[in-house]
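For reference, the structure is listed below as structure tokens.
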Amino acid sequence: MTNHWTDIKNADVILIMGGNAAEAHPCGFKWVTEAKAKNKARLVVVDPRFTRSAALADLYAPIRTGTDIAFLGGVINYLITNDKVHMDYIKSYTDMSFLVKEEFAFADGFFTGYDADKRKYDKASWEYQMGADGYVRTDPSLQDPHCVWNLMKAHFSRYTPDVVEQICGTPKAKFLQVAELLASTHTPDRVMTILYALGWTQHSVGSQIIRTAAMMQLLLGNIGRAGGGVNALRGHSNIQGLTDLGLLSNLLPGYMTLPGEKETDYDQYIAKRAPKPMRPGQMSYWQNYGKFHVSLMKAWYGAAATKDNNWAFDYLPKLDKTYDVLQVFELMHQGKMNGYVAQGFNPLNSFPNKAKVGAALSKLKFLVIIDPLATETSEFWQNYGEFNDVDPARIQTTVFRLPSTCFAEEDGAIINSGRWLQWHWKGAEPPGEAKGDPEIMAGIFLRLREMYKKDGGAFPDPILNLTWPYKVPHEPSSEELAKEYNGKTFADQLDPKDPTKVIRKAGELLDSFAQLKDDGSTASGCWIFTGAWTEKGNMMARRDNADPYQNGQTLGWAFAWPANRRILYNRAAADPSGKPWDPKRKQVWWDGTQGKWVGSDVPDFKVDSAPEDGMSPFIMNPEGVARFFARGMMNEGPFPEHYEPFETPIGVNPMHPNNPKATSNPAARVFKGDMEAFGKAKEFPYAATTYRLTEHFHYWTKHVESNAIIQPEQFVEIGEALAAEKGIKAGDKVKVSSNRGYIKAVAVVTKRIQPLKVDGKTVHHVGIPLHWGFKGVAKNGFITNTLTPFVGDGNTQTPEFKSFLVNVEKA
Amino acid sequence: MALQSLDIAKRSATTTEPPHARKTIEVAKLIDVSKCIGCKACQVACMQWNDLRDEVGSCGGTYANPTDMTDQSWTVMRYAEVESEERGLEWLIRKDGCMHCEDPGCLKACPAPGAIIKYANGIVDFHQENCIGCGYCVTGCPFNVPRISKKDSKAYKCTLCSDRVAVGLEPACVKVCPTGSISFGSKEDMKELAEERVAELQERGFKNAGLYDPAGVGGTHVMYVLNHADKPSLYSGLPNDPTIAPTVSLWKGFTKPLAMAGIAAAALGGLFHYVMKGPNEVSKEVEAEVEKELEAEK
């Protein structure tokens, strides 16, 4: 979240789209009911189904799954053509006046540089025009046809309300009602928040959907403001922590990145990630990358990381490609992997195309499961009749099951969607032989290290030299790990204003990442967490809910990264002269008498840079401003474009009917064999989508009696029209099949799913909750991901769980 | 028992004057359907606080589960898909359970001394140790709430967490409700809160928003804020104008003392029979008594 849960109460308009907060985030949803009750906020829900969130909405609009870019693109076009943009905001805080290379173009569904054979773009033309002074050329008069504003206007002008209706199936009148309500927040005194979740990420164009939303919020001037923002409601407890700590294959902690295989030169590696400002007077905060990186390497390798060995740069793996889950299971399926460790992870249920995942696991020599529960993955080799019809005699994989603790059985911090690190204390001792994850991993590591010590190896240094300073080596404590992430100084730090004064003694914990150095004198395991555990104690354990400005920022409650800041980009809550856009909603503003930025939040800015200095609020971008034009940072183009899901019910992209190669995301990665496994609308005519229910959490709570009682049995939701067509009554068993397999479930027949008119055809949706499997105390059921396609988002590779094709029959 | 935490205001089939030296505030639970997302956290809290576990059942083709109240499920969510010209589709979700009537039909109907209690704070509670399982409370309830257990043939329903309220805690369902849809406090405060909520809903375009505190049962200690207070039945058959059945009113008002004698006779006379055959025999006798009296009225 750019903002945070409590802040939702400050909104005037709340858009829930690509998510179902009432269903999947009921506790956070209370801030929606609060905004409605106390702030007269209006709630808008856009979803293929009339959801639990829609039940409380002021306005609901149906949409075909996977067409959100067309819808939001339509809103962008509406805002521009009806002059409902916050012009003062975008003029100062976005790249609208920046000039783009003249050769950049978009035609027939492709941006310049497309290579159809490689399914990849050469992104050379997706860049700014650079001036002789080394800065981007701009045209503040917005006359130049190559300025971002004009390119963007032209790009989205194609998304008319009629096109929205044609692609999304949203009735034009409904769409216009939504657009009008969202547009009402373009004035400085009104703010809109967006709550989205996996309903946006789990598409082959997921990242671009979210970008479209961000662009819309920029146009409305809703970024950086209380009650505004683009807010990802995370799907797992602490999944925010997972990305923060860099557990994705290409990441290092704190959103730093691993070098690629060609990046063998340390200085070039750093320079590429520490861009110089692209406009005069801008901060480009990532220029500090080296300090964060060196401090990380010092935290990991201590004395073994020296200036002479480039801070152990050679210890880092150099990636040939990303090893996201789809890639890993593809390799496993090809028989190229021997072993796999599934820690707190149930891939048989969680990944698309269960048949492929099961076949892949069968090719392993060993599989280690670290989990509090007996997962389906740990018994993928066991025959459970129709639910898991395998022959154990033909599977040779050895499975080790290591029981671990669950969150309530350990101390530690969980990071919520709003970036709060909240410390919690164990509520119970773990049962039986269960051990904490750090203890399990320490056990494995210490034995591996012994083996490397004894037997050597091709390159044992990164293992042998890993810092392991824990009091009980086989059981690192949460406190020790938290302090390690926070970071410390190895040398006395002197006051920059008075070098005779020591402000931090050697060995002390640091207060802020501003104190990190690239000379090896500091260590921090995750720079964005610095300040979470200081010499003053555990900041994550703070529970002061004092809220002096009555806007829910509560700076004394836990710790929010970065720097205890609650709302990102909050400099943009004030106008260019430093005054709040809305005097009633004071967040962060320039106090001329004190000569600094002050307010209810920690300023996201150089605190003493006066408005006259002209520094812009988006300090993490080298431009200083927010980007409508994504340059080369997205794989399918600098502007979002509607592409159909890989399994499309209409078989054509109405934006580019004559270019079949632009039907679905042209830059999404598709493995050999998976393209063939996609179904066609002729055999599988219905648009399917998968999702969670309030009563369950993912595949865990079917192991819990209370949850099993309140939602005991697998079901699918179909609309009354489709049910009538197929002779299906509520409570009947139905068989739902895709080109990859089938499931059987009880039919819930509902008015809440209406057929949509799309591109002249009627499209029915089938809703498929995902919680069931063959382990646990709820009624056994089929694994929903038997049905889903093995393809991911073009940037993140998040699988397309939300849009695919099925057929439905009475079972 | 000496004075309990909660004073008893009424006791089934009892003529002894209740105590009233102490001053008790009337309480109420307010369920605001316009904030309810039907998440069933209240169902789980109820199960866990009261040590109840229903069967792991089946999906009956709707979101509702368990599909009805039972001796193990004292509250369930009910989901109604309602379409209208004016508002299009609405998904009206209502938490169902005992309404804790000011004038409780169950208590009036109950022939077993002390099986149903109304506390001075308004909570209506079943004391199963005194319950004879006759099922009269079921007949007497205008909301179809009490359920007779198949295990012990006794009647069960929501206690409004009388044990928690007695020690100054809110009912379990109130504590866990994630959206603030359920509130608990003095009935006066809850009516005030309801007024605020109704005003907010009216501002939002629900012209007929209002409080459900039906007069036909003397008002209730569980009240609803409804977006469509003019049509309570839209909410999965919430009675538009609940009243106590005439048979029950009569039974209480006129016939009960007579029938009580009948019960006493039957109980004494048929003690052995009662122990061996179970309690329902008694109810038949009582029923016959009432019917006779009704006949006589006519």
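Those residues that are in a helix (DSSP H, G or I) and surrounded by 15 or more Cβ atoms within 10 Å (Cβ to Cβ), I need them from the stretch A:310-330; list them, please.
Applying the first criterion (in a helix (DSSP H, G or I)) to the stretch A:310-330 yields A:310-315, A:325-330.
Those that are in a helix (DSSP H, G or I) and surrounded by 15 or more Cβ atoms within 10 Å (Cβ to Cβ): A:N310, A:W311, A:A312, A:F313, A:Y315, A:V325, A:L326, A:Q327, A:V328, A:F329, A:E330.
Considered as a group, the residues in the stretch A:32-53 that are touching a residue at least 60 places away in the same chain (Cβ under 8 Å) and aliphatic (A, V, I, L, M) include one that is nearest to the other protein chains (Cβ to nearest Cβ), and that residue is A:V32. Looking at the stretch B:100-116, is at least one residue assigned to a strand (DSSP E or B) and among the charged types (D, E, K, R)? The answer is no, given that none of the residues of the stretch B:100-116 is assigned to a strand (DSSP E or B) and among the charged types (D, E, K, R).
Within the stretch A:7-31, how many residues turn out to be more than 8 Å from every other protein chain (Cβ to nearest Cβ) and basic (K, R)? Number of matching residues: 1.
Pairs meeting the criteria (first residue in the stretch A:705-732 and within 10 Å of another protein chain (Cβ to nearest Cβ), second residue surrounded by 20 or more Cβ atoms within 10 Å (Cβ to Cβ) and among the acidic types (D, E), beta carbons under 8 Å, at least 6 apart or on different chains) are A:N707/A:E695; A:I709/B:D54; A:I710/A:E695; A:Q711/A:E695.
So which of B:C134, B:C161 ends up being among the hydrophobic types (A, V, I, L, M, F, W, C) and within 16 Å of the chain's Cα centre (by Cα)? Please lay out each step first, then the result.
Details: B:C134 fails: within 16 Å of the chain's Cα centre (by Cα).
Residue meeting the stated conditions: B:C161.
Would you point out the residue of the stretch B:199-214, among those that are under 24 Å from the mean Cα position of the chain (by Cα) and not aromatic (F, W, Y), that is farthest from the other protein chains (Cβ to nearest Cβ)? Taking the candidates together, the pick is B:P214. Annotation: B:N50 fulfils all but one of (1) over 22 Å from B:Y212 (Cα atoms); (2) without any contact (Cβ under 8 Å) to a residue 12 or more places away in the chain; the unmet one is (2).
Of all residues in the stretch A:268-309, those satisfying the criterion of being surrounded by fewer than 22 Cβ atoms within 10 Å (Cβ to Cβ) and either touching a Cys at 6+ places or on another chain (Cβ under 7 Å) or among the β-branched types (V, I, T) (or both) are A:I270, A:T306.
Based on this model, can you work out whether A:A630 counts as touching a residue at least 24 places away in the same chain (Cβ under 8 Å), within 22 Å of A:G221 (Cβ to Cβ), surrounded by fewer than 22 Cβ atoms within 10 Å (Cβ to Cβ) and small (G, A, S)?
Working: touching a residue at least 24 places away in the same chain (Cβ under 8 Å): yes; within 22 Å of A:G221 (Cβ to Cβ): yes; surrounded by fewer than 22 Cβ atoms within 10 Å (Cβ to Cβ): yes; small (G, A, S): yes.
Here the answer is yes, as A:A630 does meet what is asked.
Considered as a group, the residues in the stretch A:753-779 that are within 14 Å of another protein chain (Cβ to nearest Cβ), out of contact with any Gly (no Cβ under 6 Å at 6 or more places or on another chain) and among the hydrophobic types (A, V, I, L, M, F, W, C) include one that is farthest from A:A677 (Cα to Cα), and that residue is A:V777.
Check every one of the helices (runs of 4 or more DSSP H) wholly within the stretch A:410-489 and list those with 3 or more residues that are farther than 25 Å from A:T522 by Cα.
Details: elements: A:437-455, A:461-464, A:478-486.
Counting at least 3 such residues, we get A:437-455.
When only residues in the stretch A:554-574 that are touching a strand residue (DSSP E or B) at 6+ places or on another chain (Cβ under 9 Å) and part of a loop (DSSP other than H, G, I, E, B) count, which is farthest from A:I415 (Cα to Cα)? Restricting to residues being touching a strand residue (DSSP E or B) at 6+ places or on another chain (Cβ under 9 Å) and part of a loop (DSSP other than H, G, I, E, B), the top hit is A:Y569.
Within the stretch A:451-470, not a single residue is under 34 Å from the mean Cα position of the chain (by Cα) and within 23 Å of A:F351 (Cα to Cα). Looking across the stretch A:56-83, the residues that are of a type in the set (D, E, K, R) and in contact with a Leu (Cβ under 8 Å, 6 or more places away or on another chain) come down to A:D58, A:R64. Looking at the structure I just gave you, is B:C39 at the interface with chain A (Cβ under 8 Å from one of its Cβ atoms) and either in contact with a strand residue (DSSP E or B) (Cβ under 7 Å, 6 or more places away or on another chain) or closer than 19 Å to B:E170 by Cβ (or both)? Yes, satisfied.
Residue selection: B:N227 fails the criterion of being away from every other protein chain (no Cβ under 14 Å) and closer than 17 Å to B:N240 by Cβ.
Residue-wise test of (1) within 19 Å of B:N144 (Cβ to Cβ); (2) crowded, with 18+ Cβ neighbours inside 10 Å.
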site	(1), (2)
B:D54	yes, yes
B:G61	no, yes
B:D71	yes, yes
B:E83	no, no
B:L89	no, no
B:G97	yes, yes
B:L107	yes, yes
B:A120	no, yes
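Out of the residues in the stretch A:368-407 that are among the small types (G, A, S) and farther than 25 Å from A:K779 by Cβ, which is nearest to the chain's Cα centre (by Cα)? Among residues in the stretch A:368-407 that are among the small types (G, A, S) and farther than 25 Å from A:K779 by Cβ, the one nearest to the chain's Cα centre (by Cα) is A:S404. Of everything listed in (1) surrounded by 23 or more Cβ atoms within 10 Å (Cβ to Cβ); (2) within 12 Å of another protein chain (Cβ to nearest Cβ), the single unmet condition for A:L693 is (1).
Taking the stretch A:157-256 and the helices (runs of 4 or more DSSP H) fully enclosed by it, the elements with 1 or more residues that are within 16 Å of A:V46 (Cα to Cα) and touching a residue at least 12 places away in the same chain (Cβ under 8 Å) are at A:161-168, A:172-183, A:198-201, A:206-219. Can you tell me which residues in the stretch A:82-131 are in contact (Cβ under 8 Å) with a residue 60 or more places away in the chain, assigned to a strand (DSSP E or B) and among the charged types (D, E, K, R)? Within the stretch A:82-131, A:K120 is the sole residue that qualifies.
Within the stretch A:82-100, can one find any residue that is surrounded by fewer than 24 Cβ atoms within 10 Å (Cβ to Cβ), more than 14 Å from chain B (Cβ to nearest Cβ), among the β-branched types (V, I, T) and out of contact with any Pro (no Cβ under 9 Å at 6 or more places or on another chain)? Looking for residues that are surrounded by fewer than 24 Cβ atoms within 10 Å (Cβ to Cβ), more than 14 Å from chain B (Cβ to nearest Cβ), among the β-branched types (V, I, T) and out of contact with any Pro (no Cβ under 9 Å at 6 or more places or on another chain), one finds at least one in the stretch A:82-100, hence yes. Might you check whether a residue that is at pLDDT 95 or above, crowded, with 19+ Cβ neighbours inside 10 Å, out of contact with any Ser or Thr (no Cβ under 7 Å at 6 or more places or on another chain) and more than 10 Å from every other protein chain (Cβ to nearest Cβ) occurs anywhere in the stretch A:740-752? Looking for residues that are at pLDDT 95 or above, crowded, with 19+ Cβ neighbours inside 10 Å, out of contact with any Ser or Thr (no Cβ under 7 Å at 6 or more places or on another chain) and more than 10 Å from every other protein chain (Cβ to nearest Cβ), one finds none in the stretch A:740-752, hence no.
One line per residue, one yes/no per condition, for (1) within 10 Å of chain A (Cβ to nearest Cβ); (2) at pLDDT 95 or above; (3) out of contact with any Lys or Arg (no Cβ under 7 Å at 6 or more places or on another chain):
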| residue | (1), (2), (3) |
| --- | --- |
| B:C59 | yes, yes, yes |
| B:D68 | no, yes, yes |
| B:S73 | yes, yes, yes |
| B:M77 | yes, yes, no |
| B:E83 | yes, yes, no |
| B:R87 | no, no, yes |
| B:L92 | yes, yes, yes |
| B:M99 | no, yes, yes |
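So which residues in the stretch A:360-387 are part of a strand (DSSP E or B) and crowded, with 21+ Cβ neighbours inside 10 Å? I'd like the intermediate steps shown before the answer.
Initial filter on the stretch A:360-387 (part of a strand (DSSP E or B)): A:366-371.
Scanning the stretch A:360-387 gives A:L367, A:I369, A:D371.
The values are calculated or read from the model by the stated rules, or taken from the named source; none is laboratory data. Treat the numbers as computed from the prediction; the structure is a model and nothing was measured. In this analysis, Cβ positions are derived from the backbone assuming ideal geometry, glycine residues included, and neighbour counts consider all displayed protein chains.
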